[in-house]
Amino acid sequence: MTHRKLFTSSIAAVGIAIVAIGAKGQHDSAAVQYTDFGSTKTPAGPAFQAEVQPPSSARIKEFRIPITHETIEIADGVTYEGWTFGGTVPGPTIRVREGDLVRIKLVNESPMPHSIDFHSARIPWDVAYRSIVPGEELSFEFTAHDPGVYLVHCGTPPVTLHIMQGMYLAIIVDPKEGWGTDVDKEFVIVQSEFYAQPNDNGQSLQADFASAMDKRAKYVVFNGRAFQYKANPLQVDLGDRVRFFVVAAGPSFRSDFHIVGAIFDRVYPDGNPLNVLEGVQTYTVPTGGGAVFETVFEEGASGVGLYPFVTHVFADAEKGAVGLIQVRSPVLTASEDPANQ
Ligand SMILES: [Cu+2]
């Protein structure tokens, strides 16, 4: 699929508003893109939408991020009393370009104090990342100077609790000159873990802080739910170059990211293309870090078939951090054609 098709569908899908300012015909760089994550929730069923679209050309990007407390599904049929940015766990992926001005409006619609910490911003912690009380709003802005893929999380103490409750998301800052390759599909994978125990009414699970302090996770997940991409594989076509933006939200586990049956021809630690590794089997994304991974699925080299992606810390993969990529041929081969069965 081409970039252009992807971009067109993204505009329709997320319902963002691009508001031109200044004279008619002015270049896109004089536009403001406004996204309200209270009204554009990331689809979470049947699996959290992992595929992401390129950033718009607007040089100013504004995001309204509501904080809410929600009952979320963290494994098949297992619900959890979580805390969210934008109503989902993880929260919505934010995507901007290097040099963009990013304006954040955080709105606390929950019954307790929370905050937000952007690893992509160079900004005073005591001003931008302070906790806000129920009903309070906080606005700040930063210029996205540093390309990469970063963790965004709640930093209100105890931070372990606020992260394990689900308060994290990924922000992608695309390099000014692009990533250097043309990809056909891009996916965001946020790894995190849940520490859970039954709640008082026995309906849902709730936080188990003692387990969190012992690092005894109940589930380790990609994009908020155990095994969701095993049931609903990520779909790519034969011949596709695929880029993965991987973030390890923790609160305490890293991600040793690996695709069974594939090799990454490039990995950018922290997502900065100045850091480039070639020919990588497994790369560790540290807790609180991110990395960009690229591979090609082509005939004779990771061709048509199924490819598990895991954290190669297998005790964590057994708890849910495993998914599948399905590589399909746009044209059926003789053995796949039902007419030949
Ligand atoms: Cu919080």
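Flag: PHE142 does not match the condition of being surrounded by 16 or more Cβ atoms within 10 Å (Cβ to Cβ) and within 16 Å of the ligand (Cβ to nearest atom). So TRP179 ticks every box in (1) of a type outside the set (Val, Ile, Thr); (2) more than 30 Å from VAL220 (Cβ to Cβ); (3) more than 14 Å from the ligand (Cβ to nearest atom) but one. Which box is left unticked? With respect to (1) of a type outside the set (Val, Ile, Thr); (2) more than 30 Å from VAL220 (Cβ to Cβ); (3) more than 14 Å from the ligand (Cβ to nearest atom), TRP179 is out only on (2). Taking each residue of region 182-193 that is assigned to a strand (DSSP E or B) and looking for partners that are at pLDDT 95 or above and acidic (Asp, Glu) with beta-carbon atoms closer than 7 Å, six or more apart or interchain, yields LYS185/GLU51; LYS185/ASP240; GLU186/GLU51; PHE187/GLU51. A search for C-beta distances below 7 Å between a residue of region 55-83 that is closer than 23 Å to HIS162 by Cα and assigned to a strand (DSSP E or B) and any residue that is within 14 Å of the ligand (Cβ to nearest atom) and among the aromatic types (Phe, Trp, Tyr), counting only pairs 6+ apart in sequence or on different chains, returns ILE65/PHE85; ILE67/PHE85; HIS69/TRP83. Of all residues in region 220-235, which are buried (at least 22 other Cβ atoms within 10 Å of the Cβ) and either among the charged types (D, E, K, R) or farther than 25 Å from PRO158 by Cβ (or both)? Selection gives ARG225, GLN228, TYR229.
Assess whether VAL152 counts as being within 16 Å of the ligand (Cβ to nearest atom), assigned to a strand (DSSP E or B) and farther than 22 Å from SER56 by Cβ. Spelling it out, it is not the case that VAL152 is within 16 Å of the ligand (Cβ to nearest atom), assigned to a strand (DSSP E or B) and farther than 22 Å from SER56 by Cβ.
The residues of region 34-53 that are small (Gly, Ala, Ser) and buried (at least 19 other Cβ atoms within 10 Å of the Cβ), listed by number, are ALA47, ALA50.
Note on region 123-136: residues that are assigned to a loop (DSSP other than H, G, I, E, B) and either in contact with a Gly (Cβ under 6 Å, 6 or more places away or on another chain) or within 16 Å of the ligand (Cβ to nearest atom) (or both) amount to 7.
Of all residues in region 79-112 being acidic (Asp, Glu) and away from the ligand (no atom under 16 Å from the Cβ), which is farthest from PHE140 (Cα to Cα)? Residue satisfying both the conditions and the ranking: GLU98. For region 113-122, a residue qualifies if it is away from the ligand (no atom under 16 Å from the Cβ) and of a type in the set (D, E, K, R), and exactly one does: ARG122.
Screening region 89-106 for residues that are of a type in the set (Val, Ile, Thr) and outside any loop (DSSP other than H, G, I, E, B) and picking the one that is farthest from PHE187 (Cα to Cα) gives ILE104. Evaluate the following for PHE257: is it surrounded by 21 or more Cβ atoms within 10 Å (Cβ to Cβ) and more than 17 Å from the chain's Cα centre (by Cα)? No, not satisfied. Put simply, of SER120, SER110, SER139 the only residue that is in contact with a strand residue (DSSP E or B) (Cβ under 9 Å, 6 or more places away or on another chain), of a type in the set (Gly, Ala, Ser), at pLDDT 95 or above and assigned to a strand (DSSP E or B) is SER139.
Please find, within region 260-283, the residue that is farthest from ARG97 (Cα to Cα) out of those that are among the aliphatic types (A, V, I, L, M) and crowded, with 16+ Cβ neighbours inside 10 Å. Explain how you work it out, then say what you get.
At the first step, the residues of region 260-283 found to be among the aliphatic types (A, V, I, L, M) are 260, 262-263, 267, 274, 276-277, 280.
Next, only the ones that are crowded, with 16+ Cβ neighbours inside 10 Å stay: 262, 267, 280.
Working: ALA262: 29, VAL267: 19, VAL280: 26 Å.
Among those that are among the aliphatic types (A, V, I, L, M) and crowded, with 16+ Cβ neighbours inside 10 Å, it is ALA262.
Whether a residue is in contact with a helix residue (DSSP H, G or I) (Cβ under 7 Å, 6 or more places away or on another chain) and either surrounded by fewer than 17 Cβ atoms within 10 Å (Cβ to Cβ) or more than 16 Å from ASP184 (Cα to Cα) (or both) was assessed, and LEU306 does not pass this test.
Taken as a whole, the structure places LYS41 among residues that are assigned to a loop (DSSP other than H, G, I, E, B), basic (Lys, Arg) and either in contact (Cβ under 8 Å) with a residue 40 or more places away in the chain or on the phi > 0 side of the Ramachandran plot (or both). The set of residues from region 162-179 being out of contact with any His (no Cβ under 9 Å at 6 or more places or on another chain), of a type outside the set (D, E, K, R) and either farther than 15 Å from PRO90 by Cα or part of a strand (DSSP E or B) (or both) comprises ALA170, ILE172, PRO175, GLY178, TRP179.
The values are calculated or read from the model by the stated rules, or taken from the named source; none is laboratory data. Predicted model only: the values in this text are computed from it and were never measured. Cβ atoms come from the backbone with ideal geometry, glycine included; neighbour counts cover every protein chain shown.
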